[in-house]
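Novice: Before I ask anything, let me first share the structure, which is written out below as C-alpha cells.
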Amino acid sequence: MRANIILFFACAMLLLPFANATYTVSHLNVTVNLNRNTSAQVNEMLAVRISNDSVGQYSTSRVALNLTLSDWQSIIGSSLVEHIINPGSGIYNFRFFPGPVMVVNQQSIAYVLLSYTINNVTVVNQTAPRTFVYSLAPRVFNFEHGSNGEFLSHNTTLTINLPGGATVKSVYPLPDYPTSAFTDNYANTTSMSWSSGEPLSKFTLLFTMTEGVQTEVTNFFLGVYRVLGVFVYVIIAAVIAGFILYTYLKAGR
C-alpha cells in the first residue's frame, strides 16, 4: 500500500511541469484535392499557439516514437481530427507531422500537418457518351455543429481543388475566393475557398468532366478485357493478322 502511494506521488511530480500546459489552434487550413476517381487527397494544417509551460511537453512528445493520433488529441485538443470523412469508407496513406516550435513575436508556435487519402468524396454519374457529372457526397464534412447545422469553425479555411479539366456548374454557398468566380460563371475556376462562419449543412458542389475520344476507346477495350479476358485479344490479333495476310496475297497476284 505504501509503495502504491509513493508511486502515485512520483507520477504526480513528473506531470506537475505540464499541469498548466495549454494549446490554442489559431488557424486551421483544410485543403481537399479532388480526383477523377471520386477519391480526394486531404491536407490539414493547424497553426498551434503553445504556452511557455507547454513547450517542454510538446518537444518531448514530438520526438516520441510510440504516440498515436489519439495521444496527440489528448495533448492538443479536439481540433486535431480528420475534417473530411466518409462513414462508408476509411482513410489510407495517413501521415502526421508535428512541426518544430518557433518563436514569433515572443509567442511559441508550431505547425501540425495531417495528410490522408479518402475514397468516395464525390459521386459521379455519366450523362452523355463522354460526359460525367460529379457532386460532393453527403456527410463528408466534420466541422463544428451549431443550432443551424454544420459550419466552418472560427479561423478556419476550407479549400477545394478540382481535377484538371473540370467545369463548375453550381456551388453553394458562394466561395469567398475567388471573388469573381460567380460573376464569371466560374469560368476557368480550378480552386475555391470558404472562410470562417460559412454554413455547410446545405453545401453543394457540382462539376462536369469530359473524356477525350482516346480515353473512351481505351476504357472500352479495358472493359472488354475485364469481361471476356485475354481470349478476345487473341481473336482480334488473329483477325488483324489475317487481314494483313489477305492484303499481301492479293497484292502479289
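Novice: Under a plain spin-label model, where a point goes 7 Å from the Cα along Cα-to-Cβ, how far apart in nm are F182 and Y92?
Specialist: 4.0 nm
Novice: Taking other Cβ within 10 Å of each residue's Cβ, how do I50, I85 sort, fewest first?
Specialist: I85, I50
Novice: Would any residue of the stretch 132-162 have its amide N under 11 Å from a label point 7 Å out along Cα→Cβ of S196? List them or say none.
Specialist: Zone members listed by number: 153-157.
Novice: Right, something else. Among the trypsin sites (Lys or Arg not before Pro) in the stretch 82-164, which ones are in a DSSP loop with at most 14 other Cβ atoms within 10 Å of the Cβ? Mind listing them?
Specialist: Those satisfying the criteria are R130, R139.
Novice: Here is a follow-up. Quick check on the stretch 53-102: take the gyration tensor over C-alpha atoms, sort the square-rooted eigenvalues as a ≥ b ≥ c, and tell me if it's rounded (a/c under 1.5), prolate or oblate.
Specialist: Since a/c reaches 1.5 and a/b is larger than b/c, the shape of the stretch 53-102 is classed as prolate.
Rule-based calculations on the coordinates, nothing more; no lab input. Everything numeric in this text was worked out from a predicted model, so none of it was measured. Quick reminder, even Gly has a Cβ in these numbers, built from the backbone with ideal geometry, and neighbours come from all protein chains shown.
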